[in-house]
Structures are given as structure tokens and as C-alpha cells.
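Everything on this sheet refers to the single structure shown next.
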Amino acid sequence: MITKPDSPVLSQIEGPAARVLNPRGAAAALLVCEHASRFIPAALGGLGLDAAAARSHAAWDIGAMELSVELSGALDAPLVYSRVSRLVYDCNRPPHRPDAMPAQSEVFAIPGNTGLSEADRNRRARDVYHPFRQLLADTLEARPGPTVLITIHSFTPIYQGKTRDVELGILHDSDDRAAQLLLRAAEGSGLRAALNEPYSATDGVTHTLREHAIARGLPNVMIEVKNDLIDTPAGVNRLAGLLAPMLAATINELAPAGGRS
């Protein structure tokens with residue numbers, strides 16, 4: 001574990017903390033995948049995790065990055081994604097939240113996050129969260145016209161011993177325009193879709209929407225897909241094929257092509 005307050009979390013060859021794919025995509029949308037990677041920088045000593053925990057959904061959203069890449073291509077939309085495990089820093093949480101660097105994630109204890117000092121937390125935010133936040137803000141500001149912000153996540157079929165029946169969760173914060181349109185578009189898809197399941201804004205999961213879309217008055221939505229539907233290439237291909245036209249219709253309704261310069 002690193003100890004010096006000024007030591008970088010990521011080495012020069014491990015960075016950057018975030019990247020953008022297809023930055024000049026023509027769609028009136030921007031995709032975001034905050035939990036795209038399970039990578040833990042060498043300086044953090046694996047956070048003390050065993051192999052099972054390091055590979056588990058606790059470390060990342062299984063299938064979310066692969067689905068995001070497919071949707072980026074299908075929609076021709078930019079994709080901003082984190083390259084660091086959410087156990088190092090959850091980029092969908094502000095720095096003051098304890099679960100930005102959780103000491104426990106469902107069944108897994110995270111030893112490397114236990115007893116973090118203020119300097120440790122500030123270092124993680126400095127090197128992981130703030131570069132991600134800045135890249136997302138810069139990418140949004142560079143968009144040529146109205147933009148729908150869409151965040152892509154996945155969730156486990158069972159949580160805390162309880163089976164989840166929903167397959168597609170469509171979440172919103174104070175602006176439900178995109179969520180309501182997407183929910184209607186999901187009818188007939190064959191997916192069990194629900195609004196604000198298996199999480200909602202009350203669980204603190206809409207930080208990216210609040211920080212980057214609602215603050216700018218942009219339409220936005222958070223998508224949650226059950227991870228056993230996208231844990232194989234075939235599953236990712238199927239879900240992307242279902243979601244792309246649904247999202248395209250939602251985007252066109254909220255930010256029609258004629259409104260872009």
C-alpha cells in the first residue's frame with residue numbers, strides 16, 4: 001500500500017484513469033460506463049482481495065463495458081469510461097460518500113479500504129474520480145448540440161440472498177423524461193423491464209446523472225442490465241441488438257437530429 005500523501009495511485013504506465021471512445025460520434029447522446037474495469041493499481045496491493053473477490057461483480061459491473069462498446073458503435077455515440085475498479089474509487093459517487101471507497105461490498109470485505117485516512121481518500125479522488133469527472137465534463141461540453149446522457153450498468157441476479165426478477169432496470173433522478181420513454185420502448189422487447197429497479201435515486205446511484213446532466217438541463221437515464229444476460233459475447237450482442245433501437249428512438253424524441261448543429 002502507498003503511504004506518501006503525494007504518491008500517485010496509478011503509475012505512469014497504468015494511466016490514464018479514464019478514456020473516451022468515439023469522441024466525435026454523431027449521435028445526440030453520450031454514453032458513460034463508470035464501472036467498466038476491475039483493474040486495481042499495483043500501488044494498492046490488490047486491496048487485500050483474494051482472487052474470487054477481485055473477479056467478482058463487487059469489483060466491476062460484469063458485461064457493462066462490452067455492452068457500452070457495442071451500443072457506442074450501434075448508435076455512433078461517444079463513450080466515457082473509467083479504467084479503474086470501483087473498489088478503488090466508485091466514479092458514480094462523490095468523494096464525501098463512504099461507499100465511494102467501500103470497506104464492505106455485499107459478501108466481500110475490502111481490507112485495503114478499511115481505515116483509510118483523509119489523505120488516502122483525497123489521493124484516490126484526485127487520481128481516479130477527478131480525471132474521470134473532468135473528461136466527462138469536457139466531452140459533454142464539446143458536443144455540438146442537445147445531448148442525452150446515458151449511463152450503463154449491470155447488476156447481480158441475486159443480492160443479499162434475494163432473487164431479482166427484473167432484467168432491465170431504467171433509473172432516473174429528478175428528470176424522468178428519458179426513463180419514461182425508454183420504459184415504453186421496452187414494451188414488447190421480451191425483457192422484464194421496470195422503472196427504478198433494482199436501485200433508485202434514494203440509494204445514491206444517480207450521482208453521474210445529477211452532476212453532469214441534471215445540472216446542465218440535459219435529458220438522462222441510467223440503465224441496469226442483469227449481468228447473467230451480458231456475461232458472454234453472445235449475450236452482449238443480443239442485448240445490444242435489443243437496446244440500440246430503443247435508445248435511438250428515445251434519443252430522437254428528446255434530441256432530434258434537426259436540433260443539432
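What to note about this one:
- Screening VAL166 on (1) of a type in the set (Val, Ile, Thr); (2) over 15 Å from the mean Cα position of the chain (by Cα); (3) under 17 Å from ALA248 (Cβ atoms) shows it passes everything except condition (3).
- Residues (of a type in the set (A, V, I, L, M) and modelled with pLDDT under 95) located in the stretch 1-25: MET1, ILE2
- Of everything in the stretch 161-217 that is within 21 Å of ASP228 (Cβ to Cβ) and basic (Lys, Arg), the residue that is surrounded by the most Cβ atoms within 10 Å (Cβ to Cβ) is ARG164.
Rundown of residues vs (1) among the charged types (D, E, K, R); (2) under 12 Å from the mean Cα position of the chain (by Cα); (3) surrounded by 20 or more Cβ atoms within 10 Å (Cβ to Cβ); (4) under 21 Å from VAL9 (Cα atoms), yes/no style:
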site: GLU34; (1), (2), (3), (4): yes, yes, yes, yes
site: ALA43; (1), (2), (3), (4): no, no, no, yes
site: SER56; (1), (2), (3), (4): no, no, no, no
site: TRP60; (1), (2), (3), (4): no, yes, yes, yes
site: GLY63; (1), (2), (3), (4): no, yes, yes, no
site: LEU67; (1), (2), (3), (4): no, yes, yes, no
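- Members of the stretch 90-108 found to be within 21 Å of ASP50 (Cβ to Cβ) and within 14 Å of the chain's Cα centre (by Cα), listed by number: ASP90
- Selection status of ASP231, under 19 Å from the mean Cα position of the chain (by Cα), within 21 Å of TRP60 (Cβ to Cβ), in contact (Cβ under 8 Å) with a residue 24 or more places away in the chain and surrounded by fewer than 16 Cβ atoms within 10 Å (Cβ to Cβ): yes
- Among helices (runs of 4 or more DSSP H) entirely within the stretch 45-136, having at least 1 residues that are of a type in the set (Asp, Glu) singles out 64-75, 118-124.
- Members of the stretch 12-32 found to be within 23 Å of the chain's Cα centre (by Cα) and part of a loop (DSSP other than H, G, I, E, B), listed by number: GLU14, GLY15, PRO16, ALA17, ASN22, PRO23, ARG24, GLY25, ALA26, ALA27, ALA28
The values are calculated or read from the model by the stated rules, or taken from the named source; none is laboratory data. The structure presented is a predicted model; accordingly, all values stated were derived computationally and were not measured. All Cβ positions, glycine included, derive from the backbone under ideal geometry; neighbour counts span all protein chains shown.
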